[in-house]
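S.K.: The structure's right below; bear with me while I get my questions together.
What follows is calculated from the coordinates using simple rules that are stated; it is not laboratory data. Here the structure is a predicted model, which means the values were calculated and not measured. Neighbour counts run over all protein chains shown; Cβ positions are idealised from the backbone, glycine included.
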Amino acid sequence: MAAEPLIKVENLVKHFVVRLGAFGERGATVYAVDDVNFDIFAGETLSLVGESGCGKSTTGFTLLNLQKATSGKVIFQGENIVSLNEKRMRPYRRELQIVFQDPYSTLNPRMTIGEVVGEPILFHKLATKAELPEKVTRLLADVGLPARFASRYPHELSGGQRQRVAIARALACQPKFIVCDEAISALDVSVQAQIINLLLDLQEKYGLTYLFIAHDLAVVRHISDRVGVMYLGRLAELATREQLFSNPLHPYTRALLSAVPEADPELEKTRQRQILVGDVPSPLAPPAGCRFHTRCPIAMDKCRAVVPEWREVETGHHVACHAVEMETAG
Amino acid sequence: MTAPEIQKPLLDVRGLTIEIETRRGPAIIVDGINLTVGKGETVGVVGESGCGKSLTMLSLVRLLPNKIKVKGGTAEFAGRDLLKMSKSELRQVRGGKIGFVFQDPMTSLNPVMRIGDQLCEPLIYHRNMSKADAGKRAIELLRLVGIPGPEQRITAYPHELSGGMRQRVMIAMGLACDPELLIADEPTTALDVTIQAQIVDLVKDLRKKLNMSVVWITHDLALIAGLVDRVAVLYAGTVVEDAPVGELFARPTHPYTRGLLASIPKLSDERASRLSSIGGTPPEPGRRPKGCPFAPRCALAESICHERVPVLEPVAGHSGHRVACFVAQRQLKEAA
Ligand SMILES: Nc1ncnc2c1ncn2[C@@H]1O[C@H](COP(=O)(O)OP(=O)(O)OP(=O)(O)O)[C@@H](O)[C@H]1O
Ligand SMILES: Nc1ncnc2c1ncn2[C@@H]1O[C@H](COP(=O)(O)OP(=O)(O)O)[C@@H](O)[C@H]1O
Ligand code: SF4
Ligand code: SF4
Ligand SMILES: [Mg+2]
Ligand SMILES: [Mg+2]
């Protein structure tokens, strides 16, 4: 993967300023995403995992300039897109799409499925009104829905069908890149499998690149080329699927992986889990030094004071941990 | 795991049928479910959403929503029929001998009441404890479910806790009166894997300590693999397969169970390989097909499947394993 990345994320930071107290008398900062660096290569599926609130969605939104970055860069086609205003962003919008967990809340309930899918096509002037029905039919076929669905309303569809519509809408303007934010998390396993297959088919057919945000590690392991693990706004580890699942280096990654249940009663009975104690600390006051030190089973004094450096310890395998640093330096 | 006493189940549900009032008239949503739970046994109930898992359990403590009613069947708990008990008897059982944990803690925790007070209420009501004793017990319960600093936490309101902690408070409430049976309806579905693992381990640990029976409702077969003794697979309001957990994973027999298992990504999968999936969705209430409820989605369906409803029958040679499928039963006979 020596090729020039499709998207380069450099020192991306997103802080939210919130008001606390009954009258909003105190200001505070949520450190949602802090100094995150990674590349996304054309045609790959890069996944982001981590516990709730660790900044996965915020990374996705900020990267698409749907939320203003506090600082840092996102380079796409030679342009730092996070510095663009909405007007100058428009030509890039078409190529950068997003699909959410709950399509019901993002699909306009008063629009038919045909209108939902056709809207971005008209908005970006990719077809005339006369060409539209045929385009919509083709998009619905792409996501495995019959043409008659065009006249239905979102509430008449099942969860899996609505997710197909959301994907068709994202595909409508022929994007290069789609952020899938928990796009399959609310679905039953059997429907989940259908949507995963659909995403894989579309990727093959159109050479799509995915940033796949999910908390189901079994699914992530199945579909990803590379995986990034986030903890409290920072990347803890980033590696290829093989590296990450067979040789996890960061203590947080190890704990996450050991919590994933396998569909195998024999394995489950004998397996030693490394259970993480406690919850993720508040992002309003993240711990100093390594943010994971309050839950890390091997934390040292240094971890409480010094932020571990983001290093590439092996080709393509990045990690931020003092313990790994000592091991690999030796 | 201790061998469950099969002879006299703690909970014995027979022929449970639940109906819903729709615009087109009454429609059956739960169709003659049989389910037993032995003393100290943990039973997993799995199935896709909408197949009637929650309504089955809600009916047992008579908490069904409006327009949804039990039409037939019995549900004996320790020898008494829950479906025929008087209101006052029922109140003794609910939250007392049977503890409940619901999927969404925000709907069953009172948002304007401190969690300590919510925990004390059933103790004062069911156990006639004094306020002071109940307070002590509440702290003990919070410690039991792994909430750090329980002395301070009892004065917190639900919104001041994280999702994982709220779920643990729910479990503490379910356990408050040392129930003989804990019914947990998707207690970890909304939670992170790390918290999920904590809660699964907690329940495993507690059931040993308290010799409690557990019914764990979920759509996640992988999750219950290491947790339960036996699994009942629900489809469209009927039990289609029922087996000890090892047996179910080693010899899934109903086409629906096989489909569910096959759609879970496995450790050994090639990257980005196609997952096998069950096409279509479960029937909606009032639109159940005439024969086998799974027939419209079943790759093995034959003409008999569209005519008659298969019943749960033992899988010969495998004790405790039952399946409701014409074709599977015939194949088993041919193989024997
Ligand atoms: N608009 C906002 N204002 C203030 N804080 C916010 C806002 N959006 C997100 N946050 C906070 O930023 C942090 C990261 O949130 P984010 O939604 O990115 O997490 P996530 O990793 O996607 O979590 P989940 O798995 O629950 O979706 C959280 O602490 C969240 O509460
Ligand atoms: N309050 C309600 N009003 C109308 N229909 C309901 C209600 N609750 C559940 N149902 C319907 O009953 C069926 C079974 O629901 P439920 O027991 O909640 O399924 P599960 O718990 O297996 O997901 C579904 O078709 C669902 O839509
Ligand atoms: S830097 Fe220290 S605290 Fe952080 S993960 Fe590594 S060992 Fe643990
Ligand atoms: S009875 Fe027929 S339709 Fe039903 S599961 Fe068996 S083979 Fe399929
Ligand atoms: Mg999110
Ligand atoms: Mg339910």
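S.K.: Give the lysines reachable from residue B:71 as a straight Cα distance under 28 Å; neighbours fewer than 8 places away on the same chain don't count.
M.R.: B:8, B:39, B:53, B:84, B:87, B:97, B:290
S.K.: Moving on to the next point. Separation between the residue A:29 and residue A:309 pseudo-spin-labels, each 7 Å from Cα along Cα→Cβ, expressed in nm?
M.R.: 2.4
S.K.: Working from Cα positions, state the angle (0 to 90°, nearest 10) between the long axis of helix B:163-175 and the longest principal axis of chain B.
M.R.: Once rounded, the angle reads 90 degrees.
S.K.: Express in nm, to one decimal, how much length is gained between residue A:152 and residue A:274 on full extension, taking 0.36 nm for each residue of separation and deducting their alpha carbon distance.
M.R.: 39.1 nm
S.K.: Which GluC sites (Glu not before Pro) in the range B:36-140 sit in a loop by DSSP (not H, G, I, E or B) and have at most 10 other Cβ atoms within 10 Å of their own Cβ?
M.R.: none
S.K.: Can you tell me, using C-alpha contacts under 8 Å and at least 6 residues apart, the relative contact order of the range A:1-152 as a whole percent?
M.R.: Result for the range A:1-152 is 19 percent.
S.K.: Around residue A:82, what is the net charge, scoring Lys/Arg as +1 and Asp/Glu as -1 over all other residues with Cβ under 9 Å from its Cβ?
M.R.: Around residue A:82, the surrounding residues sum to +2.
S.K.: Full extension from residue B:66 to residue B:14: what is 0.36 nm times the residue separation minus their Cα-Cα distance, to one decimal in nm?
M.R.: Here the answer is 16.4 nm.
S.K.: Give a quick list of trypsin sites (Lys or Arg not before Pro) in the range B:250-336 that DSSP marks as loop, anything other than H, G, I, E or B, with at most 12 other Cβ atoms within 10 Å.
M.R.: B:274, B:287, B:290, B:308
S.K.: Can you give the FRET efficiency for residue A:327 and residue A:10, using 1/(1 + (r/R0)^6), R0 = 30 Å, r = Cβ-Cβ distance, to the nearest 0.05?
M.R.: Calculated transfer efficiency: 0.65.
S.K.: Sequence-distant or interchain residues sharing an amide H contact under 5 Å with residue A:179, placed H: which?
M.R.: A:97, A:98, A:99, A:211
S.K.: What net charge is computed for the residues neighbouring residue A:172, neighbours being all others with C-beta under 14 Å from the C-beta of residue A:172, Lys and Arg scored +1, Asp and Glu -1?
M.R.: Around residue A:172, the surrounding residues sum to +2.
S.K.: Right, here's the next one. Pull up all non-local amide H partners of residue A:80: gap of 5 or more, or a different chain, and H-to-H distance under 5 Å with H placed in the peptide plane.
M.R.: Amide H neighbours of residue A:80, under 5 Å, 5+ apart: none.
S.K.: Restricting to bridges with both residues inside the protein assembly as shown, how much of the DSSP beta-bridge set is antiparallel, in percent to the nearest 5?
M.R.: Counting only bridges with both partners in the protein assembly as shown, antiparallel ones make up about 60 percent.
S.K.: 5 Å is the cut-off here: which amide hydrogens, built 1.01 Å from N in the peptide plane, fall below it relative to residue A:231, excluding neighbours closer than 5 in sequence?
M.R.: It is A:236, by chain and number.
S.K.: For chain B, what is the calculated [θ] at 222 nm in deg cm²/dmol (nearest 500), taking -39500 (n - 2.57) for each run of four or more DSSP H residues and dividing by its residue count?
M.R.: Result for chain B, helices only: -9500 deg cm²/dmol.
S.K.: Work out from phi, with θ = phi - 60° and the Karplus expression 6.51 cos²θ - 1.76 cosθ + 1.60, the ³J(HN,Hα) of each residue of the range B:39-52, listed in order in whole Hz, and give x for Gly and Pro.
M.R.: Couplings: 5, x, 8, 10, 10, x, 10, 10, x, 5, 5, x, 8, x Hz.
S.K.: Can you list which of the trypsin sites (Lys or Arg not before Pro) found in the range A:70-121 are DSSP loop residues with at most 10 other C-beta atoms within 10 Å?
M.R.: A:110
S.K.: Oh, and also: Could you please state, rounded to a whole Å, how far the C-alpha centre of the range A:251-330 is from the C-alpha centre of the range B:209-277?
M.R.: Cα centroid to Cα centroid, the span is 30 Å.
S.K.: Right, here's the next one. Let me know the whole percent of all Cα-Cα pairs from chain A that are separated by more than 31 Å.
M.R.: Summing the P(r) tail past 31 Å for chain A gives 37 percent.
S.K.: With each label point set 7 Å from Cα along the Cα-Cβ vector, what nm distance links residue A:130 and residue B:208?
M.R.: 7.5
S.K.: Points 7 angstrom from Cα along the Cβ direction at residue B:267 and residue B:87: gap in nanometres?
M.R.: 5.4
S.K.: Between residue B:290 and residue A:87, what FRET efficiency comes out of the Förster formula 1/(1 + (r/R0)^6) with R0 = 60 Å and r the beta carbon distance, rounded to 0.05?
M.R.: 0.50
S.K.: Pop the C-beta distance of residue A:105 and residue B:336 into the FRET formula with R0 = 51 Å and round what comes out to the nearest 0.05.
M.R.: That pair, residue A:105 with residue B:336, gives E of 0.45.
S.K.: Residue by residue, what Karplus-based ³J(HN,Hα) values in Hz, rounded to whole numbers, does the range B:279-293 have, using 6.51, -1.76 and 1.60 with θ = phi - 60° and x for Gly and Pro?
M.R.: 3J(HN,Hα) across the range B:279-293, in whole Hz: x, x, 9, x, x, 7, x, x, 10, 5, x, 5, x, 5, x.
S.K.: Give me the number: length gained by fully extending residue A:206 to residue A:174, i.e. 0.36 nm times residue separation minus the C-alpha to C-alpha distance, one decimal in nm.
M.R.: Result: 10.7 nm gained on full extension.
S.K.: So, one more: Decide, for the protein assembly as shown, between rounded, prolate and oblate: order the square roots of the alpha carbon gyration tensor eigenvalues as a ≥ b ≥ c, take rounded if a/c falls under 1.5, and otherwise choose prolate if a/b is larger than b/c, else oblate.
M.R.: oblate
S.K.: Follow-up question, since we're still on this one. Cβ under 14 Å from residue B:114's Cβ, residue B:114 left aside: what net charge do those residues give with Lys, Arg +1 and Asp, Glu -1?
M.R.: -1
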